[in-house]
Amino acid sequence: MPLEGDTDPRTPYQLPFPKEALSEIVIPDAIPADDRLWVPQAENVWFRPLCLNRSQGYWMNLLKVRKSGVLSRHRHPAPVHGFVLKGLWRYLEHDWIATEGSYVYEPPGETHTLVVPKDVVEMITMFQVHGVMYYVDPWGKHMGYEDVFTKIDMCRAHYAACGLGADYVDQFIR
Ligand SMILES: [Fe+2]
């Protein structure tokens, strides 16, 4: 038991965490071996939840897109951060390519369409998305939306249907 005044840098913090603090999330197999964890989103597009933060309105997830998959055109009113873990992709609205190992910051006001070239078998990117993804037609007309609550609903329905159980998603919600 360390004494007060102990200056050893390897002495862990000795006090309890705030009683109102939420529990941490630790996912050792973040890129899962079990394909059931990937929630279908569109043809050749899936996401794997990591943190569904309903209290602050954002979500962290892995997006997986197989060859020729498209993530439909959408607007972001709030920031997005991305880190490419595997493969590559680009937006129809930009001339840069997000390659494996790239970090991407997408500022509020972005409207884009994510595509994976035909010769890329699979891409996986971690995205932190705040607020909503507001789906639009090429002229900005509203087509639909996703937010952390629709994401939670999609996970719940998929995990119930695939046998993991509707409450499997609860571990990712804060
Ligand atoms: Fe986006």
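Miscellaneous remarks
- Tilt relative to the chain, helix 148-161 - C-alpha long axis, 0 to 90 degrees, to 10: 90
- Each helix, a run of at least 4 DSSP H residues, gives -39500 (n - 2.57); summed and divided by the residues of the chain, these come to -2500 deg cm²/dmol at 222 nm.
- Whole-Hz ³J(HN,Hα) from phi, Karplus 6.51 cos²θ - 1.76 cosθ + 1.60, for segment 123-134, glycine and proline x: 10, 10, 9, 7, 10, 10, 10, 9, x, 10, 9, 9
- Cα-based equivalent ellipsoid of segment 1-68: semi-axis lengths in Å, sorted from largest, via gyration tensor: 40, 15, 9
- Karplus-derived 3J(HN,Hα), 6.51/-1.76/1.60, for each residue of segment 48-63, Hz, glycine and proline x: 10, x, 10, 9, 9, 8, 6, 6, 10, x, 9, 9, 10, 8, 9, 9
- Separation of segment 1-45 and segment 88-159, taken as the distance between their Cα centroids, equals 26 angstrom.
- Base-10 log of normalised Debye intensity for the chain (one unit scatterer per alpha-carbon) at q = 0.09, 0.10 Å⁻¹: -0.38, -0.46
- Across segment 27-39, rounded Karplus estimates of 3J(HN,Hα) from the backbone phi angles (6.51 cos²θ - 1.76 cosθ + 1.60, θ = phi - 60°) give 10, x, 9, 4, 8, x, 6, 8, 5, 5, 6, 7, 8 Hz, Gly and Pro being marked x.
- Exposed loop sites were defined as chymotrypsin sites (Phe, Trp or Tyr not before Pro) in DSSP loop states (anything but H, G, I, E or B) carrying at most 12 other C-beta atoms within 10 Å; in the chain the longest segment without such a site runs 14-95.
- Orientation-averaged projected area, Cα convex hull of segment 82-130 (nm²): 3.4
- Neighbour net charge for Gly69 - beta-carbon separation under 12 angstrom, K R +1, D E -1: +2
Rule-based calculations on the coordinates, nothing more; no lab input. A quick note: this is a predicted structure, and the numbers were derived from the prediction, not measured. Neighbour counts are summed over all protein chains in view; Cβ atoms, including those assigned to glycine, are modelled from backbone coordinates with ideal geometry.
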